[in-house]
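See structure below.
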């Protein structure tokens, strides 16, 4: 059981925001982020499309790098979020680019699999990471009010907002709720 204790880190939404801001700044990422390009070109990770994958996405350590497998049967915006979700596991739970990288070797601990639709704090943290990474709070808030109709409370053009960040309408809606912009 001690081997799994590492996965019991609990990050606040504020900490996740800070981590994603540091990553975006370090790699000079602009909105919208093409996560595939970021993974391949900046992080030198490998991405494998696997239509028979049981989960929507999975990540594992591979030597000094990592591999993300995902099921590409969704729209590009959804795939972008799935890949960003897996990056959440990479940075938050596998401690990539920290002194603790490789603390958990998923090849050695096969029973530990990060999945897109798992439950618990780990998956919520990865979802929060993806939302923050793709839709940074300050940029998102400014864009939200650009597409907000002050005459109709809680009415925002989610399609335009989602389009700006290249995410699904649902992802934009969840992000707006998390930031307290809508009820």
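Only the coordinates and a few stated rules stand behind these numbers; no lab work does. These numbers come from a predicted model, not from an experiment. Cβ atoms come from the backbone with ideal geometry, glycine included; neighbour counts cover every protein chain shown.
Extension gain, residue 42 to residue 10: 0.36 nm times the residue separation minus the Cα-Cα distance gives 8.8 nm. Averaged over residues, the count of other Cβ atoms within 10 Å places the peptides 48-56, 63-71, 125-133 in the sequence 125-133, 63-71, 48-56, highest first. Here the label points at residue 52 and residue 138, each 7 Å from Cα along the C-beta direction, are separated by 4.8 nm in the simple model. Neighbour counts of other Cβ atoms within 10 Å put 60, 76, 169 in the fewest-to-most order 76, 169, 60.
Using a Förster distance of 22 angstrom, determine the FRET efficiency expected from the C-beta separation of residue 98 and residue 121, and round it to 0.05.
0.70
Which shape class applies to the range 136-183: rounded if a/c is under 1.5, otherwise prolate when a/b exceeds b/c and oblate if not, where a ≥ b ≥ c are the square roots of the Cα gyration tensor eigenvalues? Verdict is rounded for the range 136-183. Taking the fewest neighbouring Cβ atoms within 10 Å as the starting point, the ordered list for 170, 158 is 170, 158.
For a Förster distance of 22 Å, can you work out the FRET efficiency between the beta-carbons of residue 30 and residue 64, rounded to the nearest 0.05? Numbers along the way, then the final one.
Values: r = 27 Å, r/R0 = 1.24.
Calculated transfer efficiency: 0.20.
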